[in-house]
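For reference, the structure discussed in these notes is given below.
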Amino acid sequence: MNNNQILTQVGMFLESADLDLQHAVLLLGGSAALMRLQRLRASVATANAYTVQHRRGLEWLRDLLTLEHVGDPDRIESGFFAEISPEDPAVLVICGLTDQLEALIARIDEPTHTSLVADLVAESEAAA
């Protein structure tokens, strides 16, 4: 899978799960997180290539969906998480989205793509 194929797959994931992702992100991170998701979606939709910023956006989304920061009382996510009932149907949707996102990231990180990711990071660091 080349850079453009990765971008296409990321775009397909974001598009196919659009409403569920927006709802999940709003529940878990509030309006600021929703705006960040929308910026990621717009960036992927208009990009010519998969970039390190896209990768960081996917990692942020994975952290949000996997509840990476809910144990930190200084993070806004902990407050949003506390308001979600375990019986809320959104919980199952969030689990499904998490599985899909982790599968996508695993495909991107397959050994044949490791050099692509390393190249993206090197390009980003060189530009900084």
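The values are calculated or read from the model by the stated rules, or taken from the named source; none is laboratory data. Note that the structure is a prediction, hence the values are computed from the model and not measured. Virtual Cβ from ideal backbone geometry, glycine too; neighbours counted across all protein chains shown. When the accessible area is computed, the model is the full protein with side chains, heavy atoms only, and any ligands, DNA or RNA have been set aside. Shrake-Rupley method; radii C 1.70, N 1.55, O 1.52, S 1.80 Å.
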In region 26-40, residue least open to solvent (accessible area, probe 1.4 Å) [restricted to those that are under 13 Å from the mean Cα position of the chain (by Cα) and not hydrophobic (A, V, I, L, M, F, W, C)]: Gly29
Residue selected from region 65-80 under the condition under 13 Å from Ala32 (Cβ atoms) and among the charged types (D, E, K, R), by the criterion surrounded by the most Cβ atoms within 10 Å (Cβ to Cβ): Glu77
Residues located in region 6-39, provided they are among the small types (Gly, Ala, Ser), without any contact (Cβ under 8 Å) to a residue 60 or more places away in the chain and within 22 Å of Arg107 (Cβ to Cβ): Gly11, Ser16
Close pairs (8 angstrom Cβ cut-off, 6 or more residues apart or separate chains): in contact (Cβ under 8 Å) with a residue 24 or more places away in the chain and within 20 Å of Leu14 (Cα to Cα) in region 85-112, polar (S, T, N, Q) and assigned to a helix (DSSP H, G or I) anywhere: Leu104/Gln9; Arg107/Gln9; Ile108/Gln9
